[in-house]
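**Q** After the structure tokens below, expect a handful of questions from me.
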Amino acid sequence: MEQFQKIFIQVIEEMIPFNKYLGFQLEEIREGFAKIRVPFKPEFIGDPRNNRLHGGLSATLIDTVGGAAALTTLTSYDDQIATIDMRVDYLKPGKAEDIIAEGQILRSGNRIVVCEMKVYQPSSEDIIAVGKAVYNVIRKNPKQD
């Protein structure tokens, strides 16, 4: 897995233009788990009256960190992954500061990966959103369940 660390960082931070634009930083990745930080930018404010983060940032981060965890199951560069379904529950407004998301695989099969995610702020570790997603995976060399 360590040999793929640089590749995962490059994919998440550099190769996906939207992630690069938002400034996503892959902090940790290991089999079945990923952690991504998003440094705060004033453009992320969704409610200027209360200086709170836009919920779309949390949703995007939830999808990305779940997808990153699912990436750890791929068997070759030619494998493909796509989100099938995703649910986000907003628990608390996000403050105008960095946010972190963690994604963990719940189940990984030959064609489907199910992940759960949480988004929190490192200053308080208050969870601001949670999510669950299902990803379709096409593996060149499928693994056995």
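**Q** Just give me the residues in the range 36-47 being closer than 30 Å to THR73 by Cα and not in a loop (DSSP other than H, G, I, E, B), in sequence order.
**A** Passing the criteria: ILE36, ARG37, VAL38.
The rows are residues; the columns are (1) in contact with an Asp or Glu (Cβ under 8 Å, 6 or more places away or on another chain); (2) in a helix (DSSP H, G or I); (3) more than 23 Å from ASN136 (Cβ to Cβ).
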residue	(1), (2), (3)
GLU27	no, no, yes
ALA34	yes, no, no
ARG49	no, no, yes
GLY67	no, yes, no
ASP78	no, no, no
THR83	yes, no, no
ASP89	no, no, no
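**Q** Here's a follow-up. Residues in the range 118-131 that are in contact with a Lys or Arg (Cβ under 7 Å, 6 or more places away or on another chain) and in a strand (DSSP E or B): how many?
**A** Here is the first cut: in the range 118-131, the ones in contact with a Lys or Arg (Cβ under 7 Å, 6 or more places away or on another chain) are 121, 126-128, 130-131.
Still in the running and in a strand (DSSP E or B): 127-128, 130-131.
Number satisfying all stated conditions: 4.
**Q** Looking only at the range 83-108, which residues are under 15 Å from GLY66 (Cα atoms), of a type outside the set (A, V, I, L, M) and surrounded by fewer than 17 Cβ atoms within 10 Å (Cβ to Cβ)?
**A** THR83, ASP85, ARG87, ASP89, GLN104, ARG107, listed by residue number.
**Q** Further question: In the list ASP47, ASP85, ASP145, ASP79, which residue meets the criterion of being farther than 25 Å from PHE4 by Cβ and modelled with pLDDT under 95?
**A** Values: ASP85 fails: modelled with pLDDT under 95; ASP145 fails: farther than 25 Å from PHE4 by Cβ; ASP79 fails: farther than 25 Å from PHE4 by Cβ.
Only one candidate passes the filter, namely ASP47.
**Q** Right, next: Would you tally the residues in the range 109-130 being farther than 12 Å from GLY67 by Cα and either buried (at least 17 other Cβ atoms within 10 Å of the Cβ) or not acidic (Asp, Glu) (or both)? Outline the logic, then answer.
**A** Let us first name the residues in the range 109-130 that are farther than 12 Å from GLY67 by Cα, namely 109-111, 118-130.
Going one step further and asking which of them are either buried (at least 17 other Cβ atoms within 10 Å of the Cβ) or not acidic (Asp, Glu) (or both), we end up with 109-111, 118-124, 127-130.
So the answer is 14.
**Q** Can I ask one more? So which residues in the range 51-65 are part of a loop (DSSP other than H, G, I, E, B) and either under 30 Å from VAL113 (Cα atoms) or without any contact (Cβ under 8 Å) to a residue 12 or more places away in the chain (or both), if there are any at all? Break it down stepwise before answering.
**A** Applying the first criterion (part of a loop (DSSP other than H, G, I, E, B)) to the range 51-65 yields 51, 54.
Within the range 51-65, HIS54 is the sole residue that qualifies.
The values are calculated or read from the model by the stated rules, or taken from the named source; none is laboratory data. Bear in mind that the values here come from a model prediction, so they are computed numbers and not experimental data. Quick reminder, even Gly has a Cβ in these numbers, built from the backbone with ideal geometry, and neighbours come from all protein chains shown.
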